[in-house]
Structure formats: structure tokens, C-alpha cells
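The values are calculated or read from the model by the stated rules, or taken from the named source; none is laboratory data. This structure is a prediction, so every number in the text was calculated from the model and none was measured. FYI the Cβ positions are ideal-geometry reconstructions off the backbone, even for glycines, and counts take in every protein chain you see.
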Amino acid sequence: MMKAQLKKDVQTVTPDGTPVQPLIHGVVIRNAVTLADDRGTLCEILNPAWGVHPAPFTYVYQFTIRPGKIKGWHVHHQHDDRIFISQGEVKVVLFDDRPDSPTYRMVNEIHRTDRHRSVMVIPAHVFHAHQNIGGTDALMVSMPTRAYDHADPDVFRLPIENDYIPYRFEQKLGW
């Protein structure tokens, strides 16, 4: 084997499993604890006492993503998203489109799973896409800071393949 072909791994997490990747300004991820007993499980999704996000609860819905499918790219101008992963395994890709943000044009790729549940806050004007990378439907609970307006949706979309966001979804084979 040629030494020039070798590529050294770089650090991706701390010893306690915390990702070292810097997050887009305003993105918050709060890990959840799932409690189990002989009857089943209980997992708190979002509690105002945690201080994760100051906006009150105004609207809650759930959505699924089928295995291998992608939902996105989309962005909101009038509300922040607060999304809890309840079931499955997804890759979330974020793109900061806020010119006044210290992380303007930064891309984050974040893996989320029901084995390590969390709520994620995605600020307005940050594009996002979710890809199911597991073998079963992924189930997410969304608690946006503004109720959905069917007559005037606060949703703006780009195609998955576009020239604006510097990210391409592709099947990765591993190393």
C-alpha cells in the first residue's frame, strides 16, 4: 500500500461523545433522556424550564420520512423550528442564509437518532433538509414558534440539487 493513499482520521467527537463541529449561530441541540421501566418508556420532548428557546408553544405536529428519502431544502422567514427526533435515524443538513450572522454561508451536517434523542432549534433563514439514513420510517415532532398558515405558508423551497447551497446529498459507502 502506498503511504500517499493513507488519510489520517480527524477528531469528530470529544471523549464523552459531544460533536466538535461548530454549529451555525442560533442552532441549539438539547439531548433528551429516555426513562425506562417494566411498562415501557417516557421521554420529555421540550420543557420551557430548560431555556432552550424563549418562544411559547403555539403549534405542534409530527412528520415522517421514509427510508432513503429527503425532505428539504426549505427555509422559514417568520419562525424558528424546534424539531424532536422520536424514532429513526436522520441526517440533518443546515445552511445559514443570514447575511448578518457570524456563521453566514456555513453548512452543518448533523446525524440524529432515537438512540440519542434530542430537540433541535433551527433559526429562521437557515435552510434545512432531513434525510432518512435508517431502514425504517423516521418520526419527528415539530413545535415551530408560529402556527402554520394554510393560506400563506411561511415555507420557501429550493430543489435538492441547486447551485445556491454548497452541499450535495450522495450515497456514502464508508471507508
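Here are a few things to note about the model shown:
Residue-by-condition table, conditions (1) surrounded by fewer than 16 Cβ atoms within 10 Å (Cβ to Cβ); (2) under 22 Å from Pro159 (Cα atoms); (3) hydroxyl-bearing (Ser, Thr, Tyr):
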| position | (1), (2), (3) |
| --- | --- |
| Met106 | no, yes, no |
| Val119 | no, no, no |
| Ile122 | no, yes, no |
| His125 | no, yes, no |
| His128 | no, yes, no |
| Arg146 | yes, no, no |
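- Selection status of Ala147, touching a residue at least 40 places away in the same chain (Cβ under 8 Å), part of a strand (DSSP E or B) and either more than 19 Å from Gly26 (Cα to Cα) or under 17 Å from the mean Cα position of the chain (by Cα) (or both): no
- Leading residue by the ranking (surrounded by the most Cβ atoms within 10 Å (Cβ to Cβ)) among those in region 2-32 that are of a type in the set (Val, Ile, Thr) and in contact with a strand residue (DSSP E or B) (Cβ under 7 Å, 6 or more places away or on another chain): Ile24
- Filter result for the condition that a residue is touching an Asp or Glu at 6+ places or on another chain (Cβ under 8 Å) and either without any contact (Cβ under 8 Å) to a residue 12 or more places away in the chain or among the acidic types (Asp, Glu) (or both), over Glu170, Glu161, Glu89, Glu109: Glu89
- Hits in region 144-175 (condition: touching a Ser or Thr at 6+ places or on another chain (Cβ under 8 Å) and of a type in the set (A, V, I, L, M)): Ala147
- Checked across region 88-111, the condition of being over 18 Å from Pro19 (Cβ atoms), touching a strand residue (DSSP E or B) at 6+ places or on another chain (Cβ under 7 Å), modelled with pLDDT of 95 or more and not in a loop (DSSP other than H, G, I, E, B) holds for no residue.
- Residue in region 167-175 that is at pLDDT 95 or above and not in a loop (DSSP other than H, G, I, E, B) present: no
- Counting the residues of region 6-55 that are farther than 28 Å from Thr136 by Cβ and touching a residue at least 12 places away in the same chain (Cβ under 8 Å) gives 7.
- Among residues of region 1-56 being assigned to a strand (DSSP E or B) and hydrophobic (A, V, I, L, M, F, W, C), the one that is nearest to Arg146 (Cα to Cα) is Val28.
- For region 124-144, a residue qualifies if it is part of a loop (DSSP other than H, G, I, E, B) and either within 11 Å of the chain's Cα centre (by Cα) or of a type in the set (Ser, Thr, Tyr) (or both), and exactly one does: Thr136.
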